[in-house]
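Below is one structure, written out as structure tokens; comments come after it.
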Amino acid sequence: MNETIVSPSILSADFSDFGGAVREIEASGAPYLHMDVMDGSFVPNLTFGPPLVRAIRKKTKVFLDVHLMIVQPSRFINEFARAGADGITIHYEAEVHSQKYLTEIRGLGLKAGVAIVPATPVSALEELLPFIDMALIMTVNPGFGGQELIPECLEKVKKLAEMREAAGLNFRISVDGGINEKTAEIAKKAGADTLVIGSAFFSNPDKQGLIKRLQC
Ligand code: DX5
Ligand code: ZN
């Protein structure tokens, strides 16, 4: 069983002050920083690319957990690695040859993650399990922060935890979307050990307390 890690998502930060957001994340004690890269095609929104990863890398040593919500993410793996990502998560739905690219991410010395949207069954990940360090179960339809968690997605977390156990593996299971103190408890019970948290992090004045409670 992996210890719980919280990964605050800068998608919910004040975009005019990323430096301040990094300082808030560091001060909270969260060991990860989640970066949602969106291309306006895989998801109906646009955010940022490698330049922001590079800029944030210069400001912090926390684990940069880069979530690529873009079509054919393989086109950008090298660039995000060079920018300083520690982990790169690609979407199962966005690459036919995801096994090859997950192996490529690991080959660069980074943690490899695979993500699925709510419509994708968790069985789709079965053949990829030996090749990943993290599986990310989207608990909202991606594109925007501040949405409500879709409870049915947590059934996939349970199934995935069983698949992991049966395979004798220990990759992380991350949940992303609509995580707050209440839903985090349910997600942890289902088997999630990595919690991406956007709006509920940046809107909480006691970020240190929040991280402590979520990681206990
Ligand atoms: C959704 C993003 C999430 C989002 C989480 O497309 O992938 O990472 O930032 O934000 P909240 O916690 O506000 O749902
Ligand atoms: Zn994300």
Could you work out how far apart the two model spin labels at Val71 and Arg23 are, taking each label as a point 7 Å from the Cα in the direction of the beta carbon, and quote it in nm?
4.1 nm
Once all Cα-Cα distances of region 44-155 are split into 5 Å bins that start at 0, what whole-number percent is in each one?
2, 12, 22, 23, 20, 14, 6, 1
Restricting to the chain, what percent of DSSP beta bridges are antiparallel, rounded to 5?
5 percent
At 1.4 Å probe size, with every protein chain present, just tell me what the per residue accessible area of the chain comes to in Å².
44 Å²
Can you return the lysines within cross-link range of Lys212? Criterion is Cα-Cα under 22 Å, with same-chain partners fewer than 8 residues away left out.
Lys61, Lys182, Lys188, Lys189
Under 16 Å from the Cα of Lys100, which lysines turn up, not counting those fewer than eight places away in the same chain?
Lys111
Taking the chain as a Gaussian network, Cα atoms linked when under 10 Å apart, which of Lys58, Lys188, Lys156 shows the biggest mean-square fluctuation?
Lys58
Simple spin-label estimate for Asn141/Leu46, 7 Å along Cα→Cβ, in nm, reads 2.2 nm
Could you estimate the translational diffusion coefficient of the chain from the Stokes-Einstein equation, with Rh from the Kirkwood formula over C-alpha pairs, at 25 °C and 0.890 mPa s, in whole µm²/s?
145 µm²/s
Given the Cα-Cα distance of Asn170 and Phe63 and 0.36 nm per residue of separation, how much length would full extension add, in nm?
36.7 nm
Carbon and sulfur atoms account, in whole percent of the 1.4 Å probe accessible area of the chain, for 52 percent
Can you give the FRET efficiency for Thr120 and Asp206, using 1/(1 + (r/R0)^6), R0 = 30 Å, r = Cβ-Cβ distance, to the nearest 0.05?
0.25
Rounded to the nearest 500, the 222 nm mean residue ellipticity computed for the chain from DSSP H runs (n ≥ 4, each -39500 (n - 2.57)) alone is -10000 deg cm²/dmol
Could you give the nm distance between label points at Lys100 and Glu3, where each point is 7 Å from its Cα heading toward the beta carbon?
3.9 nm
Beyond 16 Å, the calculated P(r) of region 128-202 holds a percent of Cα-Cα pairs equal to 44 percent
Nearest 5 is fine: what % of DSSP beta bridges in region 31-126 come out antiparallel, could you say?
5 percent
If the convex hull is drawn through the Cα atoms of region 14-109, its volume per residue in Å³
96 Å³
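The values are calculated or read from the model by the stated rules, or taken from the named source; none is laboratory data. Bear in mind that the values here come from a model prediction, so they are computed numbers and not experimental data. Every residue, glycine among them, receives a Cβ derived from its backbone with ideal geometry; neighbour counts consider all protein chains shown. SASA here: full protein model, heavy atoms, side chains in, ligands and nucleic acids out. Shrake-Rupley method; radii C 1.70, N 1.55, O 1.52, S 1.80 Å.
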